[in-house]
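In what follows, a single structure is set out as structure tokens and then discussed.
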Amino acid sequence: MAAAGGLPASATLLLLVIAAVAVAPLASAVRPVSDAHRSAAAELFAASPDGSFGDLETTYEAVRTFQILGVEKDKGLIGKACKFAAEKLASSSSSPAKDLFHAARISGVLKCSVDSGVYDDVATRLKAVIKDTNSLLELYYSVGGLLSIKEQGHNVVLPDADNTFHAIKALSQSDGRWRYDTNSAESSTFAAGIALEALSAVISLADSEVDSSMIAVVKNDIVKLFDTIKSYDDGTFYFDEKHVDAAEYKGPITTSASVVRGVTSFAAVASGKLNIPGEKILGLAKFFLGIGLPGSAKDCFNQIESLSFLENNRVFVPLVLSLPSKVFSLTSKDQLKVEVTTVFGSAAPPLRVNLVQVLGSDSKVITTETKELQFDLDNNVHYLDIAPLKIDVGKYSLVFEISLQEQEHETIYATGGTDTEAIFVTGLIKVDKAEIGISDNDAGTVESVQKIDLQKDTSVSLSANHLQKLRLSFQLSTPLGKTFKPHQVFLKLKHDESKVEHLFVVPGSARQFKIVLDFLGLVEKFYYLSGRYDLELAVGDAAMENSFLRALGHIELDLPEAPEKAPKPPAQAVDPFSKFGPKKEISHIFRSPEKRPPKELSFVFTGLTLLPIVGFLIGLMRLGVNLKNFPSLPAPAAFASLFHAGIGAVLLLYVLFWIKLDLFTTLKYLSFLGVFLVFVGHRALSYLSSTSAKQKTA
């Protein structure tokens, strides 16, 4: 038994919600490509503000992914991608083979209009690279670019195909991997994939058949390469590098994608069938589907393109078994539904699906009776009622056996034979024999026991002192009558006055759940707080459809007085949103305004304030102020006018200062007006001074 004090009021509810909705981890869900992948691709390959996807390689990966998934893009983006590719193809003489390779593939995917003369120049450039290089990557880009041009309807032939084939094959190693060039010390699985893709391009471009013995050697290399494949316990297979530099390491997704592209491309052009086990091809399909929704654009491209190659290839077409739902309810009598499709969700050929074994969470065999699933042709699903399986709530592993109905399909499709899927079964848990009561501390004599119904809120009223105990017990059973142990069972006591909460874990035995709270040992944890405590019981589990948080009633506790050094109850958390609540209303009566003077007196006072202006005007007239010396020439007259206007603006600024402007704003405007007045005033006064001097000399 454990106790915790001072938890927030929502703690129990939070624990209950977690228990009720969190399903225990199941095996990775393998589902065919869906609309979720299309949405993820559109988000990962979002165009930049200028309408581009980045460099040529990223642009190709974007348009190729959209093509496979059938994602419609704006015609403006397509036009910019075509223009980007066309500009690179037009400058073939100065462009590296890698750029020409990606530009040609962009043009092929988007069906861009490229002049045949441009493609002739590109083909000439790529053929020159093939003659002068021993680099696997340069050979890959060159022959791949030529093949892309050919696939767009242009006549492209590789005249010296045998020598090119030998040049690529010379870089292979005994374990089926390839080196990047003759100077490389280490071999690479990723390089093996691009080498096989390059060899398939050479075969397609050759003007005559390539040496069949060399093709047989490459087939043997592929078998050796698949001997190095890695796997998980669930039948998932993948490729990864063994020993390469950190700069050359590509990761399992990129490496596996390279091998899938190479092997399926080579199988498409080579005669005969590759000797690769079907379960390994199926395992690679599970690996790429098991990724789910990738987190990067590169992984998204590798996933989708690899699955497109596996969807239709000459080795084996993988058929994937998946469950639309892995959680089943005994209450609603859910049916077990199984889908068997290709990696893109296409319908599988006629086949049978049998449930051959059911295993418990501890791998214990529940049943080995074989049951054939019925097939719903309209919805393309196999189904089976789970009620006859006699399975209870909890986690199970179902072992399915898949068999093709037509023998000729066994050389085309890979089913893996058997497939194991994890499921989770939920149901209503029976709660009975619930009792609550108070007993004496010394002899254990029960003073009062009440039977309660935990299917609904109850309102028991108990009282106890520190020398007594609170007892609570109940039983939980599954739909098949077995004892059920939920993930979380808590009893909460909440002090009504201080709101301090105490949580206790209710332990369970083989037969029942029972808790005994000895208040003598809990007085300190209860901070010696007497009074009313509300009782709540929380029972929750992912398999329990009727998880509950139930009010049981209350108990009046009479605890001893707290000693001087006893711990104080913790301060309760303040709701941070309480400060935004309604405030206390403020009542205030404003003072009555003072009595105003008569209107006539106000007018007389206003007239008196205007008398100084009248006196100022009379003074100007007595002084004989006039405009005789006002400049007559245009330029001096303009400066003189601006000077007087500036003085008027200063006077207006003073008025605005008294009405609305603050001191700093007024000083800012006055500084600009002052500079202006100095300039125009100096020009105006300079003219008057020179005029006066000329009159005196005359």
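The values are calculated or read from the model by the stated rules, or taken from the named source; none is laboratory data. Given the structure is predicted, the values throughout are model-derived calculations rather than measurements. Every residue, glycine as well, gets a Cβ built from its backbone with ideal geometry; the counts of neighbours run over all protein chains shown. Keep in mind that these areas ignore ligands, DNA and RNA; they rest on the heavy atoms of the full protein, side chains included. Shrake-Rupley method; radii C 1.70, N 1.55, O 1.52, S 1.80 Å.
Can you tell me which residue within the stretch 55-77, out of those that are over 24 Å from the mean Cα position of the chain (by Cα) and open to solvent by 60 Å² or more (accessible area, probe 1.4 Å), is modelled with the highest pLDDT? The qualifying residue modelled with the highest pLDDT is D55. From the list G416, G481, the one residue that fits, being part of a loop (DSSP other than H, G, I, E, B) and buried (at least 19 other Cβ atoms within 10 Å of the Cβ), is G416. With respect to the numbered conditions (1) within 30 Å of V71 (Cα to Cα); (2) open to solvent by 30 Å² or more (accessible area, probe 1.4 Å); (3) hydroxyl-bearing (S, T, Y), which one is the sole condition not fulfilled by T124? Of the numbered conditions (1) within 30 Å of V71 (Cα to Cα); (2) open to solvent by 30 Å² or more (accessible area, probe 1.4 Å); (3) hydroxyl-bearing (S, T, Y), the odd one out for T124 is (1). Among the residues of the stretch 658-696, those identified as open to solvent by 100 Å² or more (accessible area, probe 1.4 Å) and under 60 Å from the mean Cα position of the chain (by Cα) are I659, K660, F664, K668, Y669, F672. Among the residues of the stretch 435-444, are any modelled with pLDDT of 90 or more and open to solvent by 60 Å² or more (accessible area, probe 1.4 Å)? Checking the stretch 435-444: at least one residue is modelled with pLDDT of 90 or more and open to solvent by 60 Å² or more (accessible area, probe 1.4 Å). Counting the residues of the stretch 165-174 that are surrounded by 15 or more Cβ atoms within 10 Å (Cβ to Cβ) and either assigned to a loop (DSSP other than H, G, I, E, B) or out of contact with any Asp or Glu (no Cβ under 7 Å at 6 or more places or on another chain) (or both) gives 6.
Residues of the stretch 532-547 that are open to solvent by 10 Å² or more (accessible area, probe 1.4 Å) and more than 29 Å from the chain's Cα centre (by Cα): R532, D534, E536, E545, N546, S547.
S174 falls short of the stated requirement of being closer than 30 Å to G295 by Cα and in the same structural domain as G283 (by TED's automatic domain parsing). What is the one condition in (1) in the same structural domain as A90 (by TED's automatic domain parsing); (2) of a type in the set (D, E); (3) under 42 Å from the mean Cα position of the chain (by Cα) that D132 does not satisfy? D132 satisfies all of (1) in the same structural domain as A90 (by TED's automatic domain parsing); (2) of a type in the set (D, E); (3) under 42 Å from the mean Cα position of the chain (by Cα) except (3). Would you confirm, using the coordinates I've provided, whether V574 is open to solvent by 100 Å² or more (accessible area, probe 1.4 Å), within 46 Å of the chain's Cα centre (by Cα) and among the aliphatic types (A, V, I, L, M)? Judged against the criteria, V574 is a match. Residues of the stretch 227-244 that are modelled with pLDDT of 95 or more and among the hydrophobic types (A, V, I, L, M, F, W, C): I229, F237, F239.
With the condition kept exactly as written, say whether any residue in the stretch 550-565 is under 30 Å from V425 (Cα atoms) and either in contact with a Leu (Cβ under 6 Å, 6 or more places away or on another chain) or acidic (D, E) (or both). There is at least one residue in the stretch 550-565 that is under 30 Å from V425 (Cα atoms) and either in contact with a Leu (Cβ under 6 Å, 6 or more places away or on another chain) or acidic (D, E) (or both). With respect to the stated conditions, Y527 fails to be part of a strand (DSSP E or B), crowded, with 19+ Cβ neighbours inside 10 Å, hydroxyl-bearing (S, T, Y) and assigned by TED's automatic domain parsing to the domain that holds L454. In the stretch 270-295, what residues are open to solvent by 20 Å² or more (accessible area, probe 1.4 Å) and in a helix (DSSP H, G or I)? Within the stretch 270-295, E279, K280, K286, F287, G290 meet the criteria. What number of residues within the stretch 296-326 are touching a residue at least 60 places away in the same chain (Cβ under 8 Å) and open to solvent by 20 Å² or more (accessible area, probe 1.4 Å)? Here the count works out to 6.
The rows are residues; the columns are (1) in a helix (DSSP H, G or I); (2) touching a His at 6+ places or on another chain (Cβ under 8 Å); (3) not assigned by TED's automatic domain parsing to the domain that holds L529.
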{"residue": "P560", "(1), (2), (3)": "no, yes, no"}
{"residue": "A571", "(1), (2), (3)": "no, no, yes"}
{"residue": "I586", "(1), (2), (3)": "no, no, yes"}
{"residue": "G607", "(1), (2), (3)": "yes, no, yes"}
{"residue": "V625", "(1), (2), (3)": "no, no, yes"}
{"residue": "P636", "(1), (2), (3)": "yes, no, yes"}
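Residue by residue through the stretch 548-563, note down the ones that are surrounded by fewer than 17 Cβ atoms within 10 Å (Cβ to Cβ) and closer than 30 Å to S332 by Cβ. Within the stretch 548-563, A551 is the sole residue that qualifies.
Can you find a residue in the stretch 175-183 that is at pLDDT 90 or above and out of contact with any Leu (no Cβ under 8 Å at 6 or more places or on another chain)? No; the residues of the stretch 175-183 include none that is at pLDDT 90 or above and out of contact with any Leu (no Cβ under 8 Å at 6 or more places or on another chain). Among the residues making up the stretch 388-398, those that are closer than 26 Å to A348 by Cβ, open to solvent by 20 Å² or more (accessible area, probe 1.4 Å) and part of a strand (DSSP E or B) are Y396, S397. Filtered by the rule that a residue be in a loop (DSSP other than H, G, I, E, B) and out of contact with any helix residue (DSSP H, G or I) (no Cβ under 6 Å at 6 or more places or on another chain), the stretch 40-51 gives A46, S48, P49, D50.
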